[in-house]
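Written below as structure tokens is the structure these notes are about.
None of the figures in this text is laboratory data; all of them are computed from the coordinates on show. Predicted model only: the values in this text are computed from it and were never measured.
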Amino acid sequence: MTNHITLGEYIIENQNDFQYSSGELSSLLSSIKLAAKVVNHEVNKAGLVDILGNAGNTNIQGEDQQKLDIYANNVFMKTLIDRDIVCGVASEEEDDFVIIGGKKQTHDHKYIVLMDPLDGSSNIDVNVSVGTIFSIYRRISPLGTPVTQEDFLQAGNMQVAAGYVVYGTSTMLVYTTGNGVNGFTLNPALGVFYLSHPNMKFPKDGKIYSINEGYYIHFPQGVKDYLKYCQEEEDNRPYTSRYIGSLVSDFHRNMIKGGIYMYPTSSKAPQGKLRLLYECNPIAFLAEQADGWASDGYKRILEIKPTELHQRVPIFVGSKNMVEKAEEFMANYPKDAKY
Ligand code: P6P
């Protein structure tokens with residue numbers, strides 16, 4: 001592994017690929033790298049210390065906040081603030097966006113970060129992999145002024161970088177700055193991420209579908225039709241159902257092996273469950289950069305204009321041919337069809 005380039009070297013070597021390269025984005029990515037290592041250390045020993053289970057309160061989503069959720073949020077927030085690089089942060093665990101004026105309170109940094117600090121946290125107590133998801137934009141409000149909500153409500157196609165950390169059998173950081181997707185594996189003995197998965201690409205086709213079929217009777221008819229298509233004995237079907245309950249893990253596996261992840265609307269979740277800004281947009285940016293596709297069943301995720309910080313959207317993401325086939329079934333019914 002030591003003859004592989006490290007994440008730190010890769011960030012520096014490729015910062016000139018990025019049209020706005022000023023070193024600030026490199027420094028921002030390095031701070032995310034540092035926070036990921038700190039969270040990884042805690043996640044890996046979660047079973048040994050009293051950090052499992054609920055923290056006794058809930059986040060704005062009304063979901064029980066697991067102690068590691070709060071811990072991960074605090075680590076990423078503190079690292080981003082201490083490194084004095086960003087002008088604002090939005091997080092699944094924060095009710096509103098956080099204005100960061102910088103050490104001199106001059107509000108003169110140009111990047112904002114949106115994140116789900118620990119996605120899939122319901123898996124923590126049962127030792128199933130979880131992940132961090134992050135999304136980076138340039139602010140659109142004037143430098144020298146506090147960030148505004150508009151800075152955070154940019155469409156996903158304005159992202160300058162996005163990525164995730166998957167705390168699994170090994171810990172990986174996978175990210176894009178718009179020039180493809182690269183995966184880095186942590187050597188825990190050295191505390192160094194090494195380039196292990198260069199130029200990651202979704203296979204155009206796959207045989208894995210990921211969805212919570214427990215909600216089947218609540219799905220739109222187009223989803224039900226697509227699931228039956230996946231299960232038919234024909235061509236290279238039936239496909240295999242694989243659903244971990246952790247978006248980052250399902251997405252990561254499908255990007256390597258080929259597959260589709262779906263979290264559609266349902267009569268139980270009329271807007272879907274996943275959040276547009278810090279789950280669907282970064283995942284969609286990565287998917288497209290890896291020659292995959294991501295839509296809400298009808299429209300490209302990256303073109304959705306956000307209206308609120310924690311809004312939810314349905315998502316179909318993965319191998320391009322599989323997502324397009326699912327969209328064909330969805331197109332048979334109007335988006336607002338009652339079901
Ligand atoms: P359900 C985790 O809470 C998450 O946001 C994703 O990581 C995961 O794919 C999904 O929700 C699981 O949701 O409703 O199937 O338990």
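Equivalent ellipsoid semi-axes for the chain, as square roots of 5 times the alpha carbon gyration tensor eigenvalues: give them largest first, rounded to whole Å.
Values: eigenvalues 192, 99, 87 Å².
Whole-Å semi-axes of the equivalent ellipsoid: 31, 22, 21.
Take the cross-link list LYS45/LYS104; LYS67/LYS335; LYS201/LYS273 and give me the ones stretching past 31 Å between alpha-carbons. Don't jump to the answer; show the numbers that get you there.
Details: LYS45/LYS104 37 Å; LYS67/LYS335 38 Å; LYS201/LYS273 26 Å.
LYS45/LYS104; LYS67/LYS335, as the Cα separations exceed 31 Å there.
In Å and from the alpha-carbon atoms only, list the Rg and Dmax of the range 7-197.
16.3, 47
Taking 8 Å as the Cα distance limit and 6 or more residues as the minimum spacing, I'd like the relative contact order of the chain as a percentage. Show your work: numbers first, answer last.
Values: 741 pairs, mean separation 52.8, N = 339.
Computed over the chain, the figure is 16 percent.
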